[in-house]
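The values are calculated or read from the model by the stated rules, or taken from the named source; none is laboratory data. Please read these numbers as outputs of a predicted model, since none were measured by experiment. As a convention, Cβ positions derive from the backbone with ideal geometry for all residues, glycine included, and neighbour counts pool all protein chains shown.
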Amino acid sequence: MTLALRGIFAPVITPFRGTAEDLDVPGFQANLRAHLADGLDGIVVAGSTGEAALLDEGERALLAAAAREVVPRDKWLIVGCGAESARQAVARCRAAKDAGADAVLVVAPHYYSNAMARGNLAAHYHRVADQSPLPVLLYNIPKYMHFALPADLVAELAEHPNVIGIKDSSGNVDMLKGFLAAQSDTFTVITGSGSALQPGLEAGAKGGILAVSLFAAGLAREVLAAVQAGDAARAAAAQAPLKVMADVIVAKLGVPGVKAAMDQVGRVGGAPRLPLLPLGVAERAEMLAALG
């Protein structure tokens with residue numbers, strides 16, 4: 001069966017236990033079951049919201065395998081496999097394949113950001129796409145990369161037979177439109193911005209990989225359904241509270257905010273892994289106000 005790359009996807013958190021910060025696998029799987037019960041179209045493991053940068057290789061593989069136990073084959077399981085070297089990214093792609101993933105999400109290398117010219121990025125992504133045993137989604141997140149993928153490079157990579165799409169978390173609709181120029185039957189553009197979900201979908205994105213959907217799935221799905229129905233007013237009514245949550249809880253408060261919001265709605269959130277810290281009193285008040 002060929003899955004359509006469209007809909008609302010959950011970029012899941014990674015829950016930890018105690019001061020040792022060990023993985024809480026039962027809590028992780030309980031969250032996945034809840035996200036799937038919310039009607040989301042797939043699960044993304046080891047993304048930015050999943051504290052991927054703070055996980056070791058064994059933890060990444062364990063989470064991917066634990067997710068596959070829960071995620072049915074008619075739903076996407078996508079695993080974050082970006083790395084600072086092409087070699088490491090390919091190794092992570094192979095591990096994701098072994099764990100049963102359907103596709104991989106590959107953020108650009110960015111530690112040496114001032115050296116990431118177009119040629120470097122092209123060589124990196126071509127190597128990863130050539131050698132990955134799973135289909136590749138590009139991942140554009142300027143907030144953490146400190147640069148953006150050039151639209152002409154994305155168009156070039158969209159022609160690669162193993163590159164199936166891009167997640168754009170810039171929140172910049174003009175940038176998204178630049179990527180949409182490359183959209184085709186074999187290359188899909190997905191927004192990563194809950195704040196700009198409605199305009200992103202109206203511009204032509206096929207769905208969203210949205211941290212805000214972890215605790216507000218109903219609103220995200222309503223925006224998507226309304227846009228698909230051509231009802232801009234209905235979409236705007238759902239987008240308004242979703243934007244507040246995405247702006248405050250996701251963009252401003254980050255992973256600690258998302259985890260606190262999940263606790264608040266009865267999911268397993270808990271504390272982030274150091275050096276991230278749980279919300280303080282004032283930040284928690286902000287989270288609660290945004291959650292409504």
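Condition (residue is buried (at least 18 other Cβ atoms within 10 Å of the Cβ), of a type outside the set (A, V, I, L, M) and part of a loop (DSSP other than H, G, I, E, B)) applied to the range 136-159: is it met by at least one residue?
No, the range 136-159 contains no residue that is buried (at least 18 other Cβ atoms within 10 Å of the Cβ), of a type outside the set (A, V, I, L, M) and part of a loop (DSSP other than H, G, I, E, B).
Within the range 118-135, identify whether any single residue is within 21 Å of residue 245 (Cα to Cα), touching a residue at least 12 places away in the same chain (Cβ under 8 Å) and surrounded by fewer than 16 Cβ atoms within 10 Å (Cβ to Cβ), and answer yes or no.
Within the range 118-135, the subset within 21 Å of residue 245 (Cα to Cα) is none.
No.
Is it fair to say residue 45 is buried (at least 24 other Cβ atoms within 10 Å of the Cβ) and under 23 Å from residue 180 (Cβ atoms)?
So residue 45 fails the test.
Of the residues 20, 10, 83, 66, which single one is closer than 22 Å to residue 273 by Cβ and either part of a helix (DSSP H, G or I) or in contact with a Cys (Cβ under 8 Å, 6 or more places away or on another chain) (or both)? So that I can check it myself, show each step before the final result.
On the way: 20 fails: either part of a helix (DSSP H, G or I) or in contact with a Cys (Cβ under 8 Å, 6 or more places away or on another chain) (or both); 10 fails: either part of a helix (DSSP H, G or I) or in contact with a Cys (Cβ under 8 Å, 6 or more places away or on another chain) (or both); 83 fails: either part of a helix (DSSP H, G or I) or in contact with a Cys (Cβ under 8 Å, 6 or more places away or on another chain) (or both).
The match here is 66.
Which one of 227, 223, 250 is surrounded by 19 or more Cβ atoms within 10 Å (Cβ to Cβ), farther than 22 Å from residue 32 by Cα and at pLDDT 95 or above? Write out each step before concluding.
On the way: 223 fails: farther than 22 Å from residue 32 by Cα; 250 fails: farther than 22 Å from residue 32 by Cα.
Answer to the selection: 227.
Would you confirm whether any residue within the range 213-224 is in contact (Cβ under 8 Å) with a residue 12 or more places away in the chain and more than 20 Å from the chain's Cα centre (by Cα)?
At the first step, the residues of the range 213-224 found to be in contact (Cβ under 8 Å) with a residue 12 or more places away in the chain are 213-224.
Checking the rest, the ones that are also more than 20 Å from the chain's Cα centre (by Cα) come to none.
No.
Might you check whether a residue that is over 18 Å from the mean Cα position of the chain (by Cα) and within 30 Å of residue 218 (Cβ to Cβ) occurs anywhere in the range 9-21?
Taking the range 9-21 as the starting set, the residues that turn out to be over 18 Å from the mean Cα position of the chain (by Cα) are 16-21.
From the residues that got through so far, the ones that are within 30 Å of residue 218 (Cβ to Cβ) too are 16-17.
Yes: one or more hits.
Output the residues belonging to the range 76-108 that are over 16 Å from residue 164 (Cβ atoms) and of a type outside the set (A, V, I, L, M).
Across the range 76-108, the qualifying residues are 84, 85, 87, 88, 92, 94, 98, 100.
What are the pairs with Cβ atoms under 6 angstrom where one residue, in the range 156-180, is over 27 Å from residue 94 (Cβ atoms) and the other, located anywhere, is assigned to a loop (DSSP other than H, G, I, E, B) and among the polar types (S, T, N, Q)? Sequence gap at least six, or different chains.
As it stands, the answer is 171/193; 171/195, since those pairs meet every condition given.
Could you tell me which numbered condition residue 197 fails, if it satisfies all but one of (1) touching a helix residue (DSSP H, G or I) at 6+ places or on another chain (Cβ under 8 Å); (2) of a type in the set (A, V, I, L, M, F, W, C); (3) loosely packed, with under 15 Cβ neighbours inside 10 Å?
(3)
List the helices (runs of 4 or more DSSP H) inside the range 209-292, counting only whole elements, that have at least 1 residues being on the phi > 0 side of the Ramachandran plot and not polar (S, T, N, Q).
Details: elements: 217-228, 232-245, 254-264, 281-291.
Fully inside the range 209-292 and qualifying: 254-264.
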